[in-house]
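Right, one structure below, let's go through it.
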Amino acid sequence: MEAIYANNLVKTFGKLRALDGLSIQIEAGDLYCLLGPNGAGKSTLIRVLIGLMRPTSGTVRIDGIDLSSGVRKVREVVGLVSEKVILYDKLSPIENLLFFASMKNIPKKKARPRILELLDRVDMLAWKDKPIRVFSTGMRQRINFIRALVHSPKIVFMDEPTIGLDPHTTRTIRNMVKELNNEGTTVVLTTHMMHEVENISSYIGIMNRGRIIANGSIDELKNTLNRGFIRLTVSGRTDVSLEDLEGFISVRRERDSLIVEVEHDTPFDRVIEGISYKNLTLLNVEHIKPSLEDVFVEMTISKSQTLDTKSSERNDQVRRKSEEM
Ligand code: ADP
Ligand code: MG
């Protein structure tokens, strides 16, 4: 079942189209990461999806509930962890979290054991009765994180969750995100840092200028990019010239062997032929795939020119279509 469905979402701020006809589907149980540069529209998308901001146009369904008719119901099934820490300094974690639970209409009797469990899971149980004011930034952030989980939401949104966190807190939160996801919670997180997601997310959407420009698993995304190269390790005479090898990119010496890089789409028999012609022995072949960072940079920066022309063409088509209707 799909946890999140949005079709043709538009959100404008004056002339700016922060969401520019964005469509997305996220299955229940996914750990989905929205990856995009600053200003791509990630936070705006989250705000629109959880009903904190009305879209200019478009459809949203969360856990099967149409947002236009059921904002309150949607709020019950979603939780939001944002960068902003919203906690009362004079109150303890327990008092803070009980207060947020009461705003969600959860009775104290039910909220209390849940809060204790969550505090324990982020290593904060020993601090449950101390005022927030004495807490370090990392400790506040851990409380802020579980604040979004008090009502056991089915879908958790996390907007740049690890920005400015210390390593211990980052690890605690990351582990708990994985656990929550393993328990069946759908998790959507945003980041502009690729290395964050390479280990944890199951699906990725790359967002740029108000649109999802690519999505899929990490491997699928890497495969869509026509990049990468073949790395050959060869031994033999190291003074031989290799520049005329088909698909040649570079060569360097490493101990008694040569590391040669050729284009990833070079026909393999031609490579072997070239190597043996030069009386070299092939020791190893590796296909080096681009990193997620390469994919991201390629898609959001170097292709932005072509994307621009495509997007204006598409806008024209949409406009024409809507005029026809
Ligand atoms: P991201 O979270 O990917 O960095 P945002 O969703 O915050 O991007 O912003 C997308 C674009 O919309 C940016 O150009 C930003 O300046 C603009 N924007 C976001 N919120 C508002 C707002 N409330 N009023 C005007 N412009 C906004
Ligand atoms: Mg943001």
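The values are calculated or read from the model by the stated rules, or taken from the named source; none is laboratory data. Note that the coordinates shown come from a computational prediction; the quantities given were computed from them, not determined experimentally. FYI the Cβ positions are ideal-geometry reconstructions off the backbone, even for glycines, and counts take in every protein chain you see. Each accessible area value is taken on the protein alone, full model and side chains, heavy atoms only, with ligands, DNA and RNA left out. Shrake-Rupley method; radii C 1.70, N 1.55, O 1.52, S 1.80 Å.
Length gained on full extension, Thr233 to Ser136, computed as 0.36 nm times the residue gap minus the Cα-Cα distance: 29.8 nm.
The convex hull around the C-alpha trace of region 26-139, projected and averaged over every direction, spans 9.1 square nanometres.
Kindly provide the helix-only [θ] at 222 nm of the chain, computed as the sum of -39,500 (n - 2.57) over DSSP H runs of four or more divided by all residues, to the nearest 500 deg cm²/dmol? That comes out to -10500 deg cm²/dmol. Its Cα centre serving as origin, the chain has a Cβ charge dipole (Lys and Arg +1, Asp and Glu -1) of approximately 2160 debye. Expressed as a whole percentage, what fraction of the accessible surface of the chain belongs to carbon and sulfur atoms when a 1.4 Å probe is rolled over the protein heavy atoms? Answer for the chain: carbon and sulfur cover 48 percent of the accessible area. Divide the volume of the convex hull around the Cα atoms of region 2-223 by the residue count and you get 121 Å³ per residue. Peptides 202-212, 67-77 ranked from most to least packed, by the mean per-residue count of other Cβ atoms within 10 Å: 202-212, 67-77.
Extending 7 Å from Cα along the Cβ direction at Thr56 and again at Lys289 yields two label points whose distance is 3.8 nm. The Rg/Rh ratio for region 95-240 is 1.16, where Rg is the radius of gyration of the alpha carbons and Rh is the Kirkwood radius. Kindly express, to the nearest 10 degrees and within the range 0 to 90, the angle between helix 268-277's C-alpha long axis and the longest C-alpha principal axis of the chain. The helix 268-277 is inclined about 40 degrees to the chain.
Of all beta bridges that DSSP places with both ends in region 153-251, some 50 percent have antiparallel geometry. Each Lys or Arg adds one and each Asp or Glu subtracts one; over the other residues with Cβ under 10 Å from the Cβ of Leu232, this totals -1.
Against the chain, whose longest principal axis comes from its Cα atoms, helix 167-182 is set at around 80 degrees. Going by accessible surface with a 1.4 Å probe and the largest first, Lys154, Lys11 read Lys154, Lys11. Accessible area ranking (1.4 Å probe, heavy atoms, ligands and nucleic acids excluded), largest first, for His195, His168: His195, His168. Of all beta bridges that DSSP places with both ends in the chain, some 70 percent have antiparallel geometry. Hydrodynamic estimate: the Kirkwood radius of region 83-123 over Cα pairs, inserted into Stokes-Einstein at 10 °C and 1.306 mPa s, corresponds to D of 148 µm²/s. Given their separation in residues at 0.36 nm each and the Cα-Cα distance between them, Met193 and Asn223 gain 8.8 nm when the chain is fully extended. The mean of 1/r over all pairs of different alpha-carbon atoms in region 229-288, once inverted, gives a Kirkwood hydrodynamic radius of 11.2 Å.
Solvent-accessible surface of the chain, taken per residue with a 1.4 Å probe and all protein chains present: 54 Å². Overall shape of region 152-225 was characterised from the C-alpha gyration tensor. The equivalent ellipsoid obtained from it has semi-axes of 22, 15, 13 Å, in decreasing order.
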